[in-house]
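Written out below as structure tokens is the structure these notes cover.
Where a number appears in this text, it was derived from the coordinates with a stated rule and is not lab data. Everything numeric here is computed off the predicted structure, so don't read it as measured data. No Cβ is skipped: glycine too gets one built from the backbone with ideal geometry, and neighbour counts run over all protein chains shown.
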Amino acid sequence: MTPVEELTEKEAAKELAQLAMDIAFHNARYHGDDAPLISDADFDALVKRNTAIEAHFPDLVRKDSPSHQVGAKASSKFAKVQHAQRMLSLGNAFNDEDVSDFLARIRRFLNMDAEAALDLVAEPKIDGLSISLRYENGVLVQAATRGDGSEGEDVTANILTIKDIPQTLSDVPDICEIRGEIYMSKTDFAALNAQQEEAGKPVFANPRNAAAGSLRQLDASITASRPLKFFAYAWGVMSTLPFSTHSEALTWLKAKGFPTNPLSKAAKDADDLIKVYKHIEVARGELDYDIDGVVYKVDDLGLQDRLGFVAKAPRWAIAHKFPAEKAITILKDIDIQVGRTGSLTPVAKLEPVTVGGVVVSNATLHNEDEIARKDVRIGDHVRIQRAGDVIPQVIEPLLDKRPKDSKRFQFPMFCPVCGSEAVREEGEVVRRCTGGLICRAQRVERLKHFVSRRAFDIDGLGAKHVEAFHEDDLIQSPADIFRLKDKREHLDTREGWGEQSISNLFDAIEDKRTIPLERFLFGLGIRHIGEVTAKDLAKAFGTLEALEEAATSEDASETLSAIDGIGSVVAEALISFFHEEQNRAVLDDLRGELTIEAYEAEETGSTFAGQTLVFTGSLEKMSRAEAKAQAEKLGAKVSGSVSAKTNLVIAGPGAGSKMKKATELGIDVIDEDEWLRLSST
Ligand code: IVH
């Protein structure tokens, strides 16, 4: 890198332009839900370089200079709101086959004939921010963002400034939670950016960011000056339900004064759905708002209720996404990023290019086989694509444009961060650093994961802080977070930390000293243990000690694999985690600092709560999947095998060895009708 003093004016201007784009890109990655593509240290280096060049060439400071942007994280300043009913996300379909599969899954779950009629609705997927509006006795009392689905932020004052949203409703149930999407029209977005530019303020990358930035203003008068709009398409808690299908709901919402999308259409099968999809895809260009796909929903709310959810998405709806947007640019270099589990991911450093309205200068190359298979070389022109919110990808090099001096990339056999050997296990595509906790990158990534929103969710302790605290040796292992208050004097002298923010941080940390087992397990960042698996494990074992005992026992593989939701891959990951001495030390250390709450079955008021049930033989009135989902809704665990821990066996025709074993063990056995009767009372 040329020292700042030696840059010509032209070079400086060019570099500042590049830095503005790079920093905006990484900022967006960092603040969005996606994994950042570069380390915080590298990010900070970009910011520093930018500041240094600006200091040397004050006349070249750009309107969109990163130094004008104040830290984007306004989030913790809004009061938190617990959603009375979770705000869900949607599964995705990318092609026609995914759509047919979606319908087949529904029919199978409901035990319907493959050809049976099924009423559906198709409607545009608005690319904005979802919001939940709570009306009590017809008055808008609270508006909350989605947040992590369970907890959002109170943006009532801001929402009250939006003309599309009625502040009172007449002739509605006492409690109504209306949900939908806040967005900014393309026209208003262009006008806002022009205005920003004129005022020398930063511009927004796309209408969605503009809408988000406008809504999350602590000063509601700023929101009032921004033209935000709304479409209603869903609801949360309703004291009574004045409609029984989704289409009726849309009509009702419209009658109550909410804007609903005019492109929603009824459909009866996959062909119908695809027709609507194609129609909306054509209409897309003419619409004055961004949409990123079409959402398909089962119309009948009774069926929706039976279908329920998997993890965070309903079984009764899916988003059929539009194809990714593509662009061509130059591959300048390939960096290696080391992940939480040691995975080495090649990241393409690109000549910045706009793809679907967003500037892209980094893209993933997935892994070493992909680079070899595509024969991507440094210096190549490459085709890249960006779909929705996912990390942009390199699709292929343009061979006819390959320059003579293009360079093959030599994938490192050693970790670029800690120098440990990087190995590929048999059957694996990913090469991993074997350094474990010796590797700085792995340590830091694990810490970031530990504090992240879905794990410990420590307010005010973001990835950047973790990186900086780790760098300065204030936090090496997760338990150090809980001892940070002993190092107060080091914080007092840090730039950017005042009396108040330090005390807020310590409060937020203390707040998490007691943690539910499932969050704790997820936070450990064990390979293959996502949120759902962490919950399955918590459900199955109740306490960390019980899990640890199982994972270190002689028949650990069998014990673990016997648990519903746990396969051999997860079992192996757990066993190896609990056998590693360094991990055990981390665990012991954490145990000394924390109170880990045993798993508590959700209060369902059902006699089945906490019980272990086994279904065997064939069921005639419902699918096995529905029976299982129903049992879980009542707080029961469903197991695949009968043991002394089984409380009840539900046996249909053809039940064999499991029923026999139950009888031997003296466990109650009932039939499907009896189960239906008991489970619905
Ligand atoms: S239904 C229970 N319908 O997409 C399902 N969502 O990827 C609730 N979205 O969080 C969502 N348009 O913010 C639904 N017509 C539409 C939508 C829509 C946009 C958003 C919504 C949701 C996200 C899921």
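To the nearest 20 Debye, how big is the dipole of region 126-239 about its Cα centre, given +1 on the beta carbon of each Lys and Arg and -1 on that of each Asp and Glu?
So the magnitude is around 320 debye.
Which of the trypsin sites (Lys or Arg not before Pro) across region 437-522 are loop residues per DSSP, with 16 or fewer other Cβ within 10 Å?
Numbers: sites: 440, 443, 446, 448, 453, 454, 464, 483, 485, 487, 488, 494, 512, 513, 519; in loops: 453, 454, 483, 494, 512, 513.
Answer by residue number: 453, 454, 483, 494, 513.
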(request) Provide the packing ranking of 565-576, 526-537, i.e. peptides ordered by the mean count of other C-beta atoms within 10 Å per residue, highest first. (result) 526-537, 565-576
(request) Kindly provide the helix-only [θ] at 222 nm of the chain, computed as the sum of -39,500 (n - 2.57) over DSSP H runs of four or more divided by all residues, to the nearest 500 deg cm²/dmol? (result) -11000 deg cm²/dmol
(request) Using θ = phi - 60° and the Karplus relation 6.51 cos²θ - 1.76 cosθ + 1.60, list the HN-Hα couplings for region 563-578 in order, rounded to whole Hz, with x at every Gly or Pro. (result) 7, 4, x, 10, x, 5, 5, 5, 4, 4, 4, 5, 4, 5, 5, 6
(request) Take the Cα gyration tensor of region 109-225, multiply each eigenvalue by 5, square-root it, and list the three semi-axes largest first, rounded to whole angstrom. (result) 32, 22, 13
(message) Per q in 0.13 Å⁻¹, report the Debye log10 I(q)/I(0) for region 171-226, using one uniform scatterer on each alpha carbon and no solvent.
(response) -0.41
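R0 = 35 Å: FRET efficiency of residue 620 with residue 428, Cβ-based, nearest 0.05?
Between residue 620 and residue 428 the formula returns 0.20.
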(message) Just to confirm my understanding: which cysteines in the chain have no other cysteine beta carbon less than 4.7 Å from their beta carbon?
(response) 176
(request) Would you mind checking the pairs 326/628; 77/628; 349/464; 448/535; 201/254 and listing those with alpha carbons more than 32 angstrom apart? (result) 326/628; 77/628; 201/254
(request) Set Lys and Arg Cβ to +1 and Asp and Glu Cβ to -1, take the dipole of region 545-681 about its Cα centre, and tell me which of 556, 649, 568 lies farthest positive. (result) 649
(message) I want to make sure I understand the PRE zone here: with the label point 7 angstrom from the Cα of residue 582 toward its beta carbon, which residues in region 506-548 have backbone N atoms less than 20 Å away?
(response) 521-529
(request) Taking the Cα centre of the chain as origin, sum charge times position over the Cβ atoms of Lys and Arg (+1) and Asp and Glu (-1), and report the length of that vector in debye to the nearest 20. (result) 1040 debye
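Given R₀ = 25 Å, FRET efficiency for residue 137-residue 157 by Cβ-Cβ distance, to 0.05? Can you show the working numbers first?
Working: r = 20 Å, r/R0 = 0.80.
Efficiency at R0 = 25 Å is approximately 0.80.
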(message) Here is the link list: 275/312; 80/256; 268/321; 265/312; 265/637; 14/321. Which ones come out longer than 31 Å on Cα distance?
(response) 265/637; 14/321
(request) Would you calculate the separation in nanometres between label points at residue 678 and residue 413, each defined as 7 Å from the Cα along the Cα-to-beta-carbon direction? (result) 6.2 nm
(request) Give, rounded to the nearest 20 debye, the magnitude of the charge dipole that region 502-637 has about its Cα centre when Lys and Arg contribute +1 at Cβ and Asp and Glu contribute -1 at Cβ. (result) 540 debye
(message) Quick check: residue separation of residue 100 and residue 506 times 0.36 nm, minus the Cα distance between them. What number comes out in nm?
(response) 141.0 nm
(message) With just the Cα atoms defining each centre, how far is region 462-524 from region 125-166? Give it in Å.
(response) 31 Å
(request) Multiply the residue separation of residue 373 and residue 531 by 0.36 nm, subtract the distance between their alpha-carbon atoms, and state the gained length in nm to one decimal. (result) 53.6 nm
(message) Starting from the 7 Å offset along Cα-to-Cβ, what nm value, one decimal, do you get for the label separation of residue 328 and residue 269?
(response) 4.2 nm
(request) Grab every C-alpha pair in region 383-442, bin the distances at 10 angstrom width from 0 up to the longest one, and report whole percents. (result) 18, 27, 35, 19, 1
(request) Enter the per residue convex hull volume of region 154-294, computed from alpha-carbon coordinates, in Å³ rounded to the nearest integer. (result) 121 Å³
(request) For region 213-351, would you read off the P(r) tail past 21 Å as a percentage of all alpha carbon pairs? (result) 65 percent
(request) Could you state the orientation-averaged shadow area of the convex hull built on the Cα atoms of region 605-681, in nm² to one decimal? (result) 4.5 nm²
(request) Using the Karplus curve 6.51 cos²θ - 1.76 cosθ + 1.60 with θ = phi - 60°, work out ³J(HN,Hα) for each residue of region 317-324 in order, rounded to whole Hz, and write x for Gly and Pro. (result) 9, 8, 9, 8, 7, 6, x, 5
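Near residue 262, within a Cβ-to-Cβ distance under 12 Å, what is the net charge of the other residues, with Lys and Arg +1 and Asp and Glu -1?
Once positives and negatives cancel, what remains is +1.
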(request) Give me D for region 240-312 in µm² s⁻¹, whole number, from Stokes-Einstein with Rh from the Kirkwood sum over alpha-carbon pairs, 25 °C and 0.890 mPa s. (result) 174 µm²/s
(message) Just want the answer: with Cβ charges of +1 for Lys and Arg and -1 for Asp and Glu, which residue in 610, 590, 631 is farthest toward the dipole's positive end in region 587-632?
(response) 631
(message) Full-extension gain between residue 396 and residue 190, please, as 0.36 nm times their residue separation minus the C-alpha to C-alpha distance.
(response) 70.9 nm
(message) Relative to 2.2 N^0.38 Å, what does the C-alpha radius of gyration of region 528-681 come to as a ratio? Two decimals please.
(response) 1.16
(message) How large is log10 of I(q)/I(0) for region 217-269 at q = 0.13, 0.31 Å⁻¹ when the intensity is taken from the Debye formula with one equal scatterer per alpha-carbon?
(response) -0.48, -1.26
(request) Using the Kirkwood radius over Cα pairs, work out the Stokes-Einstein diffusion coefficient for the chain at 25 °C and 0.890 mPa s, in µm²/s as a whole number. (result) 87 µm²/s
(message) Calculate the FRET efficiency for residue 119 and residue 2 from the Cβ-Cβ distance with a Förster distance of 51 Å, rounded to the nearest 0.05.
(response) 0.20
